[in-house]
Amino acid sequence: MVPVFKRFLKKISVSRFEWHSHIGVGDAAHTGIITGLGWSIKGTIVGVMSHYFNLKTHPEYSITPSFQVAVSETRLRCMIHFRIGYAMVAGIKAIKRWRGGLPKFKSQTLSKLNDADSDKKSV
């Protein structure tokens, strides 16, 4: 991941994270397999979130299997906080990195022109 975004993601604080799901496919065996798969996916996502974001509270997440009925419901509540200035700076740095910054010239005469332009910008 780009270091610019890593620094920005650390500035994001998550004060509330609740993720509850209700899963069932009608067959008990298949529902059990899908429930286990859901737990592994949710655990991975919460682990990645705790690595990159600043979590203020423990996330609450659950999966309720429905062995007799085919059902698929999920409810996600999340409250995040960040300063808009951090997002703007990260966006500007990402664009600058994506575009490659200032061009690098091979000849000495053109590189002197580039230095002269940067002196004019600082005034």
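The values are calculated or read from the model by the stated rules, or taken from the named source; none is laboratory data. Note that the structure is predicted; figures quoted are calculated from it, not measured. In this analysis, Cβ positions are derived from the backbone assuming ideal geometry, glycine residues included, and neighbour counts consider all displayed protein chains.
Pairs linking a residue in the stretch 84-98 that is charged (D, E, K, R) to a residue that is assigned to a helix (DSSP H, G or I), with Cβ atoms under 8 Å and 6 or more positions apart or on different chains, are LYS93/VAL4; ARG97/VAL4. If you take the residues in the stretch 36-53 that are under 21 Å from VAL71 (Cβ atoms) and exposed (fewer than 13 other Cβ atoms within 10 Å of the Cβ), which one is farthest from the chain's Cα centre (by Cα)? This residue is GLY36. Of the helices (runs of 4 or more DSSP H) contained entirely in the stretch 20-123, those carrying at least 3 residues that are of a type in the set (S, T, N, Q) and modelled with pLDDT under 90 fall at 108-122.
Residues in the stretch 3-35 that are loosely packed, with under 15 Cβ neighbours inside 10 Å and more than 30 Å from ASN54 (Cβ to Cβ): 7 in all.
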